[in-house]
Amino acid sequence: MAETAAEIADLLARCALRDRAAFKTLYGRTSAKLYGVTLRILRDRSEADEALQEVYVKIWQRADKYVPGGYSPISWLVAVARNHSLDVLRARKPQGEDIDLALDVADAGPNPEQAEAARGERSRIDNCLGQLDEEKADAVRGAYLDGYSYEELATRHKVPLNTMRTWLRRSLMKLRECLSA
Amino acid sequence: MSDESDISGMGEDSVLAAEYALGLLSADEHARAAARLRAEPALRSDLRFWQGRLASLDDGFAETAPPPAAWTALEGRLFAERRAPWWDSLMLWRSFAGVTAAIALVAIMINVMAPAPDPNAFAAQLVAALSAQGSNVQVVALYNAQSGEVRLTALSGDKVPDKDYQLWAIQGDAAPKSLGLIKIDARNDVKLPADVLAAFGPGTTLAISLEPLGGSPKATPTGPVVAVGKATAI
């Protein structure tokens, strides 16, 4: 896994040098994952296809924004795909500035020690989500993986919007405590 | 304990960062949060916390191979639709390997490589290391904001009979602008023209091409690019 991450980081670095062969390899390695993201969030093949194309245009144009040793390169790519898909959902048209911000923030992402710590994060977040009511943990996962907004979650869980907000905010406070511990 | 006390006070910004990272907010709320994030470093640090932790959920996205046509469309859009800028291809540079035999790769130890600046006058704020694969031309460029000059010092590179080296500046998507001919065996102080100076800064690309005597017959380079580098602040 670490080896793959190093390879992806290397491919990104070569993309930043405008190496098209590296871009093609990067696409071959990562497009199934990123298509999984756009497809799951947008739930429509033609929209997901279009979003995937936009995502890789951004990756080609912004490959130099990835800082090795910070964010895992795969997380960075997933973040580009996820943020773009959410923008499409929110506005049914991409909002460039949000993507800029998302990328800028990712740039300043966790330092190497934090990245090291991130390896244990997977079980950690599962553990912390496990401490929430199942319904609320599902809502957090649904927001992250399916791009559900407060409105959609309220409809799905058949509760008023404000109730959903209050529920989730409390849950996020708990989650933050658990994740910071 | 009321709902309000749970979500007010110190934790509120962190909750907002989480809502933003998860994508829970409506378009309006999201835009407002984005504006605050741009202005507030502490909020950005909250956002990084959440982005880092939530990324552990990425395993939940199942891999699905995109249709083969997706790559073709992407490739067409990025590389065929518009002609790529002339400096945009490593392959192009590689194809001019005949210029000299030696392969030079610059170690980007810019501060070490840069010659000690002349303490009297030359206060360099930007530096670029120029080189290209397939060429032995290596040049360090130092930019002096006070004089608006770029000082070029060649570390290696040979004179080529019946050819001149020409320096170019590339800024954004604009066509390369000539900065004039340079000597490969001497120090060059190049005064930047006003239009280049106006946008000169980190990210400006400097390139050297090999041209017919007297320079490129066109406004843009015609010969092989033997060295290229991006200005970086020091």
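Residues in the stretch B:155-186 that are hydrophobic (A, V, I, L, M, F, W, C) and either in a loop (DSSP other than H, G, I, E, B) or at pLDDT below 80 (or both): B:155, B:160, B:174, B:175, B:184, B:186. Restricting attention to the stretch A:153-181, the residues that are surrounded by 14 or more Cβ atoms within 10 Å (Cβ to Cβ) and among the β-branched types (Val, Ile, Thr) add up to 2. Only residues in the stretch A:47-76 that are within 11 Å of chain B (Cβ to nearest Cβ) and crowded, with 22+ Cβ neighbours inside 10 Å count as the first member; pair them with residues that are in a loop (DSSP other than H, G, I, E, B) and small (Gly, Ala, Ser), Cβ under 6 angstrom, at least 6 apart or cross-chain, and list the lot. Here the result reads A:71/A:109, each pair linking the stretch A:47-76 to a residue that is in a loop (DSSP other than H, G, I, E, B) and small (Gly, Ala, Ser). Every condition in (1) buried (at least 16 other Cβ atoms within 10 Å of the Cβ); (2) on the phi > 0 side of the Ramachandran plot holds for residue B:162 except the one numbered (1). A residue that is at pLDDT below 90, under 14 Å from residue B:52 (Cα atoms) and more than 7 Å from chain B (Cβ to nearest Cβ) occurs nowhere in the stretch A:84-97. Looking across the stretch A:141-159, the residues that are closer than 11 Å to residue A:89 by Cβ and either outside any helix (DSSP H, G or I) or in contact with a strand residue (DSSP E or B) (Cβ under 9 Å, 6 or more places away or on another chain) (or both) come down to A:147, A:148, A:149. Can we say residue A:29 is assigned to a helix (DSSP H, G or I) and touching a residue at least 60 places away in the same chain (Cβ under 8 Å)? Taking the combined requirement at face value, the residue does not satisfy it.
The values are calculated or read from the model by the stated rules, or taken from the named source; none is laboratory data. Computed from a predicted structure; not experimentally measured. A quick note on method: Cβ atoms are made from the backbone with ideal geometry, for glycine too, and the neighbour counts reach across all protein chains shown.
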